[in-house]
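**Q** A single structure is presented below for examination.
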Amino acid sequence: MTIKLQAPRGTQDVLPDAQPYWLAVTTAAKQTTKLHGFQRIDTPVFEDAAVFEKGSGDTTDIVEKEMYTFEDRGGDLLALTPEGTPAICRAYLEHGMASWPQPVRLYTTHQMFRYDRPQKGRYRQHTQIDCEVIGSYDALVDAECIALLWEILQRLNLSEIEVRLGSIDDPGPRRAYIERLKDYYRPHLSRLSEDSQRRFERNPLRLLDSKDDRDLEYKEHAPKLVDQLSDAAAAHHAIVCSALESAGIAYRIDPMLVRGLDYYNRTVFEIVPTDDERAQGTLGGGGRYDGLMEILGGPPTGGMGFGSGIERIILEMQKRGATLQPEAHAEVFIVHRAEGGPAAAFRLASQLRRVGRATIVGESGRSMKSQMRSANASGASFAVILGDDELARGAAIVKDLRDGGEQAEVALDAVAARLAAD
Ligand code: HAM
């Protein structure tokens with residue numbers, strides 16, 4: 001069997017050059033969530049498949065078409081995490097977090113797996129910043145989550161973004177709306193896309209989520225849920241809006257925002273780049289999910305959160321011209337070409353690392369010239385050269401590789417102290 005030397009379709013290697021972007025995004029997430037009182041949680045890469053079948057909803061695309069499900073050798077049906085929310089709720093129930101001070105604010109960065117049609121910004125493995133506030137029904141928490149994602153993106157200099165906000169009410173009042181929606185769509189059914197015809201039966205709210213050209217005209221004239229909210233949902237929505245306004249976060253009410261997961265009620269939101277008309281580069285989205293805990297077998301518990309794709313954030317940063325340089329491979333590069341050189345170089349390298357200097361030792365057997373080329377390419381600030389003459393005197397040449405290129409002979413035992421990190 002020949003091995004295909006290619007990462008699986010829809011996945012990507014994050015090479016060293018891309019790491020500074022990942023570090024910038026994960027650092028922004030870590031610092032901003034901390035400012036909002038979130039604590040980190042990590043859940044497994046795979047879960048019992050039922051966590052998502054029930055939690056995300058078995059009529060969602062994520063579960064119906066995209067989930068990587070497999071039976072392990074013990075016969076358990078497992079799934080690679082396609083989205084974090086049900087997994088974090090499972091952890092909340094399993095570890096009795098209801099007895100912790102409420103609400104519990106949790107965040108993670110987690111790899112997600114969806115058998116999607118790969119394209120730019122859409123992958124089969126992606127990584128999300130996932131933030132969840134569990135144990136609160138407070139509308140201010142909704143505004144806080146929106147503000148949190150907004151602040152993470154601002155910290156990364158992504159200011160040309162827009163918050164799209166909606167409310168899909170609670171399940172009871174929503175049922176009446178869905179009947180009205182079906183009445184509206186019924187006469188046009190045969191002209192809709194196949195996906196929409198299926199959604200009409202299985203999950204009518206998602207008719208509003210279609211991006212198929214055949215559906216757009218009907219979608220535009222469909223009755224709008226956000227205009228007909230129940231009193232409780234309308235009051236909740238008004239608090240979210242006024243909190244965002246008070247924080248200076250501009251938003252646009254989007255009556256078509258229904259999101260692709262079944263558990264949402266009331267607030268739903270997405271943040272998109274301002275020039276992304278068809279919302280294909282959504283940087284993040286989420287909403288309230290007060291019914292999810294019960295679906296998973298727990299007591300009624302309010303919840304609100306969002307997920308944001310790190311790969312998408314990075315694409316947007318690059319589109320906006322961010323250029324982050326990879327760090328130098330080392331600060332000190334030891335060049336050695338002498339009798340006894342390798343052992344002396346190896347010892348010196350460990351002394352330098354002990355004083356906090358990232359150090360690389362040149363390849364034994366390569367010429368001084370070739371090692372010096374590697375030293376320059378490594379981005380190191382100093383080369384320490386161990387030639388025959390120096391080593392015989394118990395010394396080394398320390399050469400500054402930055403401007404000027406000054407060099408001096410230093411006793412071998414004094415090199416580490418001389419180059420110690422400040
Ligand atoms: P989602 O909208 O499915 O929501 O995903 C959240 C974000 O993950 C998207 O806005 C996008 O940035 C990124 N994303 C999703 N799918 C892909 C993909 N195939 N390739 C690259 N990036 C992708 C959720 O997953 C919910 N769990 C969010 C949430 C948390 N709701 C409440 N709490």
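The values are calculated or read from the model by the stated rules, or taken from the named source; none is laboratory data. Since the model is a prediction, treat every value here as computed from it, not as a measurement. Because the Cβ atoms are built from the backbone with ideal geometry, glycine has one as well, and the counts that use them run over all protein chains shown.
**Q** Anything in the stretch 250-278 that is surrounded by fewer than 18 Cβ atoms within 10 Å (Cβ to Cβ) and within 13 Å of Leu165 (Cβ to Cβ)? List them, or say none.
**A** The answer is Ala250, Arg252, Ile253, Pro255, Met256.
**Q** Can you report the number of residues in the stretch 114-131 which are within 6 Å of the ligand (Cβ to nearest atom), charged (D, E, K, R) and outside any strand (DSSP E or B)?
**A** Of the residues in the stretch 114-131, 2 are within 6 Å of the ligand (Cβ to nearest atom), charged (D, E, K, R) and outside any strand (DSSP E or B).
**Q** Moving on. Can you name every one of the strands (runs of 3 or more DSSP E) wholly within the stretch 29-112 that holds 2 or more residues which are touching a Ser or Thr at 6+ places or on another chain (Cβ under 9 Å)?
**A** By residue number, 46-48, 77-80.
**Q** For Ile313, work out the one condition from (1) assigned by TED's automatic domain parsing to the domain that holds Arg155; (2) under 25 Å from the mean Cα position of the chain (by Cα); (3) in a helix (DSSP H, G or I); (4) more than 11 Å from the ligand (Cβ to nearest atom) it doesn't fulfil.
**A** Ile313 satisfies all of (1) assigned by TED's automatic domain parsing to the domain that holds Arg155; (2) under 25 Å from the mean Cα position of the chain (by Cα); (3) in a helix (DSSP H, G or I); (4) more than 11 Å from the ligand (Cβ to nearest atom) except (4).
**Q** Another one. Among the numbered criteria (1) within 26 Å of Ser378 (Cβ to Cβ); (2) among the aliphatic types (A, V, I, L, M); (3) more than 16 Å from the ligand (Cβ to nearest atom); (4) outside any helix (DSSP H, G or I), which one does Met1 miss?
**A** Going through the list (1) within 26 Å of Ser378 (Cβ to Cβ); (2) among the aliphatic types (A, V, I, L, M); (3) more than 16 Å from the ligand (Cβ to nearest atom); (4) outside any helix (DSSP H, G or I), Met1 breaks only (1).
**Q** With respect to Arg266, is the statement that it is at positive phi, in a loop (DSSP other than H, G, I, E, B) and within 16 Å of the ligand (Cβ to nearest atom) true?
**A** no
**Q** Further, regarding this structure: Tell me which residues, restricted to the stretch 393-422, are closer than 18 Å to Arg337 by Cβ, touching a residue at least 24 places away in the same chain (Cβ under 8 Å) and not in a loop (DSSP other than H, G, I, E, B).
**A** Matches in the stretch 393-422: Ala396, Leu412, Val415.
**Q** Cβ contacts < 7 Å: first residue assigned by TED's automatic domain parsing to the domain that holds Ile62 and under 15 Å from Ile314 (Cα atoms), restricted to the stretch 116-129; second residue in a loop (DSSP other than H, G, I, E, B) and near the ligand (Cβ under 6 Å from one of its atoms), any location; separation 6+ or different chain. Result?
**A** Within 7 Å, the pairs are Arg122/Asp116; Gln128/Gly84.
**Q** Considering Arg357, Arg353, Arg278, Arg347, which residue is farther than 17 Å from Asn157 by Cα, at pLDDT 95 or above, in a loop (DSSP other than H, G, I, E, B) and more than 13 Å from the ligand (Cβ to nearest atom)?
**A** Of Arg357, Arg353, Arg278, Arg347, the one residue that is farther than 17 Å from Asn157 by Cα, at pLDDT 95 or above, in a loop (DSSP other than H, G, I, E, B) and more than 13 Å from the ligand (Cβ to nearest atom) is Arg357.
**Q** Could you say whether any residue in the stretch 206-216 is hydrophobic (A, V, I, L, M, F, W, C) and more than 25 Å from Tyr289 (Cα to Cα)?
**A** Yes, the stretch 206-216 contains at least one residue that is hydrophobic (A, V, I, L, M, F, W, C) and more than 25 Å from Tyr289 (Cα to Cα).
**Q** Give the number of residues within the stretch 132-160 that are more than 11 Å from the ligand (Cβ to nearest atom), among the β-branched types (Val, Ile, Thr) and more than 14 Å from the chain's Cα centre (by Cα).
**A** Residues meeting the conditions: 2.
**Q** Return the residues of the stretch 351-390 that are out of contact with any strand residue (DSSP E or B) (no Cβ under 8 Å at 6 or more places or on another chain) and either in contact (Cβ under 8 Å) with a residue 40 or more places away in the chain or within 14 Å of Ala420 (Cβ to Cβ) (or both); say none if nothing qualifies.
**A** Gln351, Arg354, Val355, Gly356, Gly379
**Q** Quick check, is Glu83 surrounded by 20 or more Cβ atoms within 10 Å (Cβ to Cβ), acidic (Asp, Glu) and within 12 Å of the ligand (Cβ to nearest atom)?
**A** Yes, satisfied.
Per-residue answers, yes or no, for (1) out of contact with any helix residue (DSSP H, G or I) (no Cβ under 9 Å at 6 or more places or on another chain); (2) hydroxyl-bearing (Ser, Thr, Tyr); (3) buried (at least 16 other Cβ atoms within 10 Å of the Cβ):
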position	(1), (2), (3)
Leu23	yes, no, no
Thr33	no, yes, yes
Glu47	no, no, yes
Ser56	no, yes, yes
Arg73	yes, no, no
